[in-house]
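Heads up: the structure comes next, in structure tokens.
The values are calculated or read from the model by the stated rules, or taken from the named source; none is laboratory data. This structure is a prediction, so every number in the text was calculated from the model and none was measured. Methodologically, a virtual Cβ is constructed for each residue, glycine included, from the backbone with ideal geometry; neighbour enumeration extends over all protein chains shown.
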Amino acid sequence: MINKMIKIVLFPTLLLFAVNANAWSVSNKVIELPGEAKVSERPIVEPEFHSEPEKTLLIGQARELESSKTAGTFEKRLSKPTAKENIDLNYWRAVDLINNGDYSQAEHILIRNLSEAPRHQLSRIELVTFYLKRDQLVEAESYLQSGLRLEENHPEFLRLMAVIHDRRDEPEKALSLLVKVKGPRIHDKNYIAFLGHIYQQMGSYALARKQYFRLMQFEPNNPLWLLGATIALDSEGKKAAALEGYRRLAKEGHMESQMLEYVRGRIVELKG
């Protein structure tokens, strides 16, 4: 019952409301629950997500090309865009098309980009993400496997492949990929939340709880992290701490009706 609710509600739903942090002590250095030993974690460092490579330059370049064609002065241009610049420009055009709902054309452009430049990471990530949103797991997996053959430890390829295994209820396979991720990404809150979710699915509740404690250390008032930690405590049989967490969640009440009903039900059961 608890695990089912985790799968349905906790990940990747985001609940937005504030909670009172009086019951559980949460600071930048230490997280402590009633009756439990202190848990110390290094500060979480937000990674630099992929930047927008040369986007401004490329957009300006595209406008210059278009303007020069219109004016009949294309031949005066000193140099044509390089192959890499064209690939980058096509990537951003595909992103804009997706944002505008033109999915078919965007997919075509991204596929063409990868056929011409298989190592263009952003095109591969965008295409796989596009497939995952449409639940096209076979297509997503195919392009990820190709990417991993080129860069076997690419952190985003590993994470996205782990998402596919999670969708297929294969948490052990997902974990085997997540533990390969290195560098600053392991301190990213989204990575940590996903890791906590996978541990929950595997029944490794103490490890799941640790991940949510790390997140509460970074964002003590984020209800999603409180919910993850509370469900882990509940699953471990730590009734007093779990009851306190559920009470804090129920007090605000700003959550989906299904989750609120579940939280209130757990409060009744734990009190009884």
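Structure data summary
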{"item": "Among residues of region 151-167, those that are more than 13 Å from the chain's Cα centre (by Cα) and within 20 Å of Ala117 (Cα to Cα), counted", "result": "4"}
{"item": "One residue from Leu160, Leu127 being farther than 29 Å from Leu207 by Cα and hydrophobic (A, V, I, L, M, F, W, C)", "result": "Leu127"}
{"item": "Answer residue from region 80-95, given it is out of contact with any helix residue (DSSP H, G or I) (no Cβ under 8 Å at 6 or more places or on another chain) and charged (D, E, K, R) and is modelled with the highest pLDDT among those", "result": "Lys84"}
{"item": "Exclusive hit being touching a Ser or Thr at 6+ places or on another chain (Cβ under 8 Å) and surrounded by fewer than 20 Cβ atoms within 10 Å (Cβ to Cβ), set Gly183, Gly203", "result": "Gly203"}
{"item": "Region 220-272: number of residues that are surrounded by fewer than 17 Cβ atoms within 10 Å (Cβ to Cβ) and hydroxyl-bearing (Ser, Thr, Tyr)", "result": "1"}
{"item": "Any helices (runs of 4 or more DSSP H) falling wholly within region 186-236 and containing at least 3 residues that are in contact with a strand residue (DSSP E or B) (Cβ under 9 Å, 6 or more places away or on another chain)", "result": "205-218"}
{"item": "Selection count where residues are closer than 16 Å to Leu132 by Cβ and not in a helix (DSSP H, G or I), scope region 165-179", "result": "3"}
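This table checks each residue for (1) touching a strand residue (DSSP E or B) at 6+ places or on another chain (Cβ under 9 Å); (2) in a helix (DSSP H, G or I); (3) within 27 Å of Asn99 (Cβ to Cβ).
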residue	(1), (2), (3)
Ala140	no, yes, yes
Arg149	no, yes, no
Phe157	no, yes, yes
Val163	no, yes, yes
Val181	no, no, no
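For (1) in contact with an Asp or Glu (Cβ under 9 Å, 6 or more places away or on another chain); (2) surrounded by fewer than 15 Cβ atoms within 10 Å (Cβ to Cβ); (3) touching a residue at least 12 places away in the same chain (Cβ under 8 Å), each residue gets a yes or a no:
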| residue | (1), (2), (3) |
| --- | --- |
| His120 | yes, no, yes |
| Glu126 | no, no, yes |
| Leu132 | no, no, yes |
| Gln136 | no, yes, no |
| Glu139 | no, no, no |
| Tyr143 | no, no, yes |
| Leu148 | no, no, yes |
| Glu152 | no, yes, no |
